[in-house]
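Colleague: Please read through the structure below; I'll follow up with questions.
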Amino acid sequence: MSFLTNLEIQRSASPAKRRSVLRTLQKSDVFFRYLTQSSAYFVLVLLTAIFGSLIAGGYLAFSTFGVSFLTTEVWNPVTEQFGALAPIYGTIVTSAIAMLIAVPISIGIAVFLTELCPMALRRPIGVAIELLAGVPSIIYGIWGLFFFAPFLQHYVQPALIAAFEHVPILNNFFAGPPYGIGILTSALILAMMVLPFITAVCRDVFETVPPVLKEAAYGMGWTTREVVKNVVIPYTRVGIIGGVMLGLGRALGETMAVTFVIGNAHRISASILAPGTTISATIANEFTEAVGDLYTSSLIALGLILFFITFVVLALARLMLMRIEKKAGA
Amino acid sequence: MALDRGRYERRRIRSKITVGLCWAAAALGLAILGIILATLLYKGFAGLGINVFTEMTPPPGSDGGLLNAIAGSLIMTAIGVLIGTPIGILAGTYMAEYGRYSKVSSFIRFINDILLSAPSIVTGLFIYELMVRPMGHFSTLAGSAALAALVIPTVVRTTENMLLLVPNTLREASSALGLPQSLVIRKVAYKAARAGMITGVLLAIARISGETAPLLFTSLNNQFWSTNLNAPIASLPVVIFQYALSPYEDWQRLAWTGALLITAAVLTLSILARWLGSSRSPQ
């Protein structure tokens, strides 16, 4: 079928032939619409199927352990006792520390890119930061294990332990031998990985601030800091939170990088220098070695918990970003 | 007056500090990228030789390369893209062309955006339950399916965005000539949005070529050459995972070389996509 179809119809001498061409066109029209529509609905089917399969796979674990699956720390494949508390704790703590580090830096970079950076450098620097998001997770993992963890072990962790040795409360967080790998290392690598995502969102929402607002503020003699603090950030607050939640969603589900450097220890330690585990690291490390239905099912149940948590976080992020998009469009 | 002057000075200094911190943040971001790339080049080049592309993954202690892993990655990426791209493009087409203002479309967009950033390991578990368990074994096909599930949301997103940029006057003009809607979309809208749609596919390829987590329990791994779609197959990311965590130095060296190859491929694809996308405004 080509552009000439229309001409062909006009030229076709007999009305019968003309009708048949039109009918074929109509059929293909309906067919194409149906095809695209079912593909679009496939996205919904995909989501439902993921949830469904995880519920089905994790059912055995939930029915065996009940609520205690969420509240016990024991993870013992030999006695087939499984509790998700340690991985859930590790997931939340590593992501929380990662956000504490990544959010201020990301906002700083976004401010730099929208307010301070010389025009000629904006694009290259912006692209470089975005490339950071393109580096595959496993690269962060291998780099973290062979370069970053030894660096922390030799230089940073001994200093942290010495500095907080005599400070009450804080000395519990920075206790133990400097392994290099552990909760803190994972959190730092997660921070590097989510940095470009938060930066990208912040930069986009900062660009929605009407220039007149900023011009008016500068015109009154405000400094750059005051304009950012009192105009840009309040105006884009919802979007920033959306970007932060988007980063959080990524950090919670990040697998390979964390698997390399967290140490995979099923216990909850007060010290952030100690090894731990996360939901995704547990699944990645143990799934192919899991023997027995209950073990496999417990790992899939972990996956369900992870998907549920990230789903909620990402949904909230999207809702907030949709709100700021509407504002920008209006 | 003197007092005001002091206050003004303080405001200026505080602003300077903030501005300085923002510069430092940007420098830090660039430094991280620089250090990662430098480490990769330094460690990866050491093991880079022709044998990497001509020999199979070795047992510890002997020479070898990454040929079967590279081939496996290419095969699975290709099948994943071939399955995922049409579905993604058609779904994006529906949302931009037929259901642009419908509630269903915005709901699908919302769900799609969540799938876009959902943890990829969950996709692996899903395909495990869907394909590996019923079939009874790990396979290339399962790995490709897991990758396809990651391609779809990326392609849906870019296709829809690119089609939305196509000016309506183009569609109106071709409709006025009597073209039926499906032809308007296929012959006019697709043509105008082509560069952007290709960008989306390139980004999807970049994304899945480094994915490891979903392959761990779908395609697993294979020490030997295999093109059997119904059997386990090696892939670069999984080999890197296995070799990097091994105690053998020659395996670790191969892992670094693999890491260099993947990163080079992924960054080239992203830059290519960006370059194509920069001329994206459909005429």
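Colleague: Please enumerate the residues belonging to the stretch B:230-269 that are polar (S, T, N, Q), under 21 Å from the mean Cα position of the chain (by Cα) and open to solvent by 10 Å² or more (accessible area, probe 1.4 Å). Steps first, please.
Modeller: In the first step, residues of the stretch B:230-269 are kept if they are polar (S, T, N, Q); the result is B:230, B:235, B:242, B:246, B:252, B:257, B:263, B:268.
Restricting the remaining residues to those that are under 21 Å from the mean Cα position of the chain (by Cα) gives B:235, B:257, B:263, B:268.
Passing the criteria: only B:268.
Colleague: Oh, and also: Take the residues in the stretch A:218-248 that are farther than 19 Å from residue A:324 by Cα and among the small types (Gly, Ala, Ser), then tell me which one is most open to solvent (accessible area, probe 1.4 Å). Steps first, answer last, please.
Modeller: Taking the stretch A:218-248 as the starting set, the residues that turn out to be farther than 19 Å from residue A:324 by Cα are A:218-227.
The next check asks that each one be among the small types (Gly, Ala, Ser); those that pass are A:219, A:221.
Numbers: A:219: 68, A:221: 41 Å².
This residue is A:219.
Colleague: Residues that are closer than 30 Å to residue A:303 by Cα: which helices (runs of 4 or more DSSP H) entirely in the stretch A:79-187 hold 2 or more of them?
Modeller: On the way: elements: A:85-111, A:119-134, A:137-143, A:157-164, A:170-173.
Answer list for the stretch A:79-187: A:85-111, A:119-134, A:137-143.
Colleague: Checking the conditions here, which among A:255, A:278, A:310 is hydroxyl-bearing (Ser, Thr, Tyr), in contact with a Lys or Arg (Cβ under 9 Å, 6 or more places away or on another chain) and within 13 Å of residue B:119 (Cβ to Cβ)?
Modeller: Checking each option against the conditions leaves just A:310.
Colleague: Being among the polar types (S, T, N, Q), open to solvent by 10 Å² or more (accessible area, probe 1.4 Å) and modelled with pLDDT of 90 or more, is that true of even one residue in the stretch B:206-214?
Modeller: Yes, the stretch B:206-214 contains a residue that is among the polar types (S, T, N, Q), open to solvent by 10 Å² or more (accessible area, probe 1.4 Å) and modelled with pLDDT of 90 or more.
Colleague: Sticking with this one: How many residues does the stretch B:270-283 contain that are open to solvent by less than 20 Å² (accessible area, probe 1.4 Å) and either at the interface with chain A (Cβ under 8 Å from one of its Cβ atoms) or in contact with a Cys (Cβ under 8 Å, 6 or more places away or on another chain) (or both)?
Modeller: 1
Colleague: Restricted to the stretch B:244-266, and to residues that are closer than 15 Å to residue B:48 by Cβ and free of Cβ contacts under 8 Å to residues at least 24 places away in the same chain, which residue is farthest from the other protein chains (Cβ to nearest Cβ)?
Modeller: First, pick out the residues of the stretch B:244-266 that are closer than 15 Å to residue B:48 by Cβ: B:250, B:252-265.
From what is left, the residues that are free of Cβ contacts under 8 Å to residues at least 24 places away in the same chain are B:252, B:255, B:264.
On the way: B:252: 8, B:255: 6, B:264: 11 Å.
Among them, the one singled out is B:264.
Colleague: How about the stretch A:74-107: which of its residues are touching a residue at least 40 places away in the same chain (Cβ under 8 Å) and open to solvent by less than 10 Å² (accessible area, probe 1.4 Å)?
Modeller: A:82, A:84, A:86, A:87, A:90, A:91, A:94, A:95, A:98, A:102, A:106
Colleague: Based on what the data block shows, is residue A:208 of a type in the set (Ser, Thr, Tyr), modelled with pLDDT of 95 or more and either in a helix (DSSP H, G or I) or surrounded by fewer than 22 Cβ atoms within 10 Å (Cβ to Cβ) (or both)?
Modeller: When the stated conditions are applied, residue A:208 does not pass them.
Colleague: Mind telling me which of the residues A:291, A:312 ends up being without any contact (Cβ under 8 Å) to a residue 40 or more places away in the chain and more than 8 Å from every other protein chain (Cβ to nearest Cβ)?
Modeller: A:312
Colleague: Is one or more of the residues making up the stretch B:186-199 touching a residue at least 24 places away in the same chain (Cβ under 8 Å) and within 11 Å of chain A (Cβ to nearest Cβ)?
Modeller: Scanning the stretch B:186-199 turns up no residue that is touching a residue at least 24 places away in the same chain (Cβ under 8 Å) and within 11 Å of chain A (Cβ to nearest Cβ).
Colleague: Cβ contacts < 8 Å: first residue more than 20 Å from residue A:151 (Cα to Cα), restricted to the stretch A:167-188; second residue part of a loop (DSSP other than H, G, I, E, B), any location; separation 6+ or different chain. Result?
Modeller: Listed by first residue and then by second, the contacts come to A:171/A:165; A:172/A:270; A:172/A:271.
Colleague: Filter the stretch A:172-206 down to the residues that are among the hydroxyl-bearing types (Ser, Thr, Tyr) and within 14 Å of another protein chain (Cβ to nearest Cβ) and list them by number.
Modeller: Our first condition is that a residue be among the hydroxyl-bearing types (Ser, Thr, Tyr); within the stretch A:172-206, this holds for A:179, A:185-186, A:199.
Once the filter is applied, which keeps residues that are among the hydroxyl-bearing types (Ser, Thr, Tyr) and within 14 Å of another protein chain (Cβ to nearest Cβ), the stretch A:172-206 yields only A:199.
Colleague: List, please: which pairs have Cβ atoms under 9 Å, are six or more places apart or on different chains, and start with a residue in the stretch B:6-30 that is closer than 28 Å to residue A:134 by Cα and end with one that is at pLDDT 95 or above and loosely packed, with under 15 Cβ neighbours inside 10 Å?
Modeller: B:21/A:104; B:25/A:104
Colleague: Filter the stretch B:106-119 down to residues that are at the interface with another protein chain (Cβ under 7 Å from one of its Cβ atoms) and either of a type outside the set (Val, Ile, Thr) or out of contact with any helix residue (DSSP H, G or I) (no Cβ under 7 Å at 6 or more places or on another chain) (or both), then give me how many there are.
Modeller: Taking the stretch B:106-119 as the starting set, the residues that turn out to be at the interface with another protein chain (Cβ under 7 Å from one of its Cβ atoms) are B:108, B:110-115, B:117-119.
From the residues that got through so far, the ones that are either of a type outside the set (Val, Ile, Thr) or out of contact with any helix residue (DSSP H, G or I) (no Cβ under 7 Å at 6 or more places or on another chain) (or both) too are B:110, B:112-113, B:115, B:117-119.
Here the count works out to 7.
Colleague: Identify the single condition in (1) open to solvent by 40 Å² or more (accessible area, probe 1.4 Å); (2) within 11 Å of chain B (Cβ to nearest Cβ); (3) under 17 Å from residue A:186 (Cα atoms) that residue A:144 does not satisfy, given that it satisfies every other one.
Modeller: Evaluating residue A:144 over (1) open to solvent by 40 Å² or more (accessible area, probe 1.4 Å); (2) within 11 Å of chain B (Cβ to nearest Cβ); (3) under 17 Å from residue A:186 (Cα atoms) leaves (1) as the failure.
Colleague: Filter the stretch A:17-69 for residues that are under 30 Å from residue A:301 (Cβ atoms), within 8 Å of chain B (Cβ to nearest Cβ) and of a type in the set (Ser, Thr, Tyr) and give the result. Let's see the steps before the verdict.
Modeller: If we filter the stretch A:17-69 for residues that are under 30 Å from residue A:301 (Cβ atoms), which is where we start, we get A:41-69.
In the following step, the residues that additionally are within 8 Å of chain B (Cβ to nearest Cβ) were identified as A:41-44, A:46-47, A:49-50, A:53-54, A:56-57.
Result: A:41, A:53.
Colleague: Right, next: Among the residues of the stretch B:127-142, which ones are open to solvent by 10 Å² or more (accessible area, probe 1.4 Å) and within 9 Å of another protein chain (Cβ to nearest Cβ)?
Modeller: B:128, B:129, B:130, B:133, B:138
The values are calculated or read from the model by the stated rules, or taken from the named source; none is laboratory data. For clarity, every value in this text was computed on a predicted model and none was experimentally measured. Heads up, the Cβs are rebuilt from the backbone with ideal geometry, glycines too, and the neighbour counts pull from every protein chain shown. To get the accessible areas, we keep the full protein, side chains included, count just its heavy atoms, and leave off ligands, DNA and RNA. Shrake-Rupley method; radii C 1.70, N 1.55, O 1.52, S 1.80 Å.
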